[in-house]
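Visitor: Input: one structure, supplied below.
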Amino acid sequence: MADAQDEQSRVASPKQVGRPRRSEQALLDAAAAVFVESGVDAPVREIAAKAGVGMGTIYRHFPTRPELVVAVYRHQVEACADAGPQMLAESATPEAALRAWVALFVEFLVTKHGLAGALQGDSAGSDALHTYFVDRLVPVCSSLLEAALESVGTASRVDAYNVLKGIGNLCIGAGSDARYKAEVLVQLFISGVLAREVR
């Protein structure tokens, strides 16, 4: 039992504190791209080819597939979180920043498709990742949402957690149905969130 708990903790927790090294970031970017194209069960050799490294390099950083998948997930969460303040500072309007960030978030949701299966039923690891996801992204979404609502003179009728939850629900099945345009529906949803309440 102790060994199983140790393994769950090791998979759910980052191997290091802070940002990964640049070489590791490149590897995680390549893995994320392959996961989008081929799913989280893609052969390691495909990831290695995309990253321009040998398979041994990947196994040296991430000895197991769950560790690699979790690392990609965390890397994408961090990229998404970091993008929020940057978009708010650089976009023409707060609404434009919110919409751009939401589009990035939708792309992230596609990237992590299949994560639960890759963790092989590790509910403790999945729960830890969900908590990490909420703790990192809800505050970012909240700041963007508040700025956008203020800029269009609309009172908040829903919080950031529910906005992200709604977006997640709209993205369900997007990866398996080419006709389903989740990104379009999500932007319509954001229009509804920002719309003035009709009395």
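The values are calculated or read from the model by the stated rules, or taken from the named source; none is laboratory data. Given the structure is predicted, the values throughout are model-derived calculations rather than measurements. Here the Cβ positions follow ideal geometry from the backbone for every residue, glycine too, while neighbour counts run over all protein chains shown. When the accessible area is computed, the model is the full protein with side chains, heavy atoms only, and any ligands, DNA or RNA have been set aside. Shrake-Rupley method; radii C 1.70, N 1.55, O 1.52, S 1.80 Å.
Visitor: What distance in nm separates the two pseudo spin-label positions at Glu46 and Leu188, each 7 Å out from Cα along the beta-carbon direction?
Guide: 3.2
Visitor: So how far apart, in nm, are the two label points at Thr131 and Leu104 if each is 7 Å from Cα heading toward Cβ?
Guide: Distance between label points: 2.6 nm.
Visitor: On a full-extension model of 0.36 nm per residue, what is the gain between Asp82 and Glu150, subtracting their alpha-carbon distance, rounded to one decimal in nm?
Guide: Numbers: separation 68, 0.36 × 68 = 24.48 nm, distance 2.19 nm.
So the extension gain works out to 22.3 nm.
Visitor: Quick check on the stretch 129-199: take the gyration tensor over C-alpha atoms, sort the square-rooted eigenvalues as a ≥ b ≥ c, and tell me if it's rounded (a/c under 1.5), prolate or oblate.
Guide: oblate
Visitor: How do Val36, Val134 stack up against each other in accessible area, from largest to smallest, with a 1.4 angstrom probe? Please report the intermediate quantities before stating the final value.
Guide: Working: Val36 75, Val134 35 Å².
From most accessible down to least: Val36, Val134.
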